[in-house]
Amino acid sequence: MRHLVIVITVFLLDRFTKWLVIHNIVLDDNVQVIPGLFRLTHLENPGAAFSLFADSPSAFRTGLLIAVSAAALAVIGFLLWSRRGLFNSTTVALTFIMGGALGNLWDRLADGKVTDFLDFYIGIHHWPPFNLADSAIVVGALLLVFRMLGKEKHTRAAGS
């Protein structure tokens, strides 16, 4: 049940923040929050994370991205179901990834593109704009990496 609450919370926060951006910032416009570092913008990304494949002319791009998202969600759903009695950093990481993937999948199914709005930069150096769903996916992935590194460190120490 806790897993489902996290997934739904991430999904709803993502939907709400995108709704706020769509209804308050004109497409391709921005609002400075911290000049020279951070602004809110309103962009539509037809590609994957960090605008990968955004310039691809392929008619299959959106369908492929939807299929990959659906497959990832199926795998994560299976992993969470098989660990339904556990609540640890691994299952929390999976719920963050699932909530974020659902948020971006919703956009793709509805419009064929994802709304991005968090825009960090320093001078001409610019990080690709992203959204809350992307952030949840990255946080979940980092939790999994830290968990794996911690296990490896613990396994090596035990084997020494």
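Remarks
- Per the Debye formula on identical point scatterers at the alpha carbon atoms of the chain, with no solvent, log10 I(q)/I(0) at q = 0.11 Å⁻¹ is -0.51.
- Counting Lys and Arg as +1 and Asp and Glu as -1 over every other residue whose Cβ lies under 15 Å from the Cβ of LEU73, the net charge comes to -1.
Since every read-out is calculated from the coordinates, none of them should be taken as a lab result. Keep in mind that this is a model prediction, so the values were computed, not measured. So basically every Cβ, Gly included, is an ideal-geometry build from the backbone, and we count neighbours across all protein chains shown.
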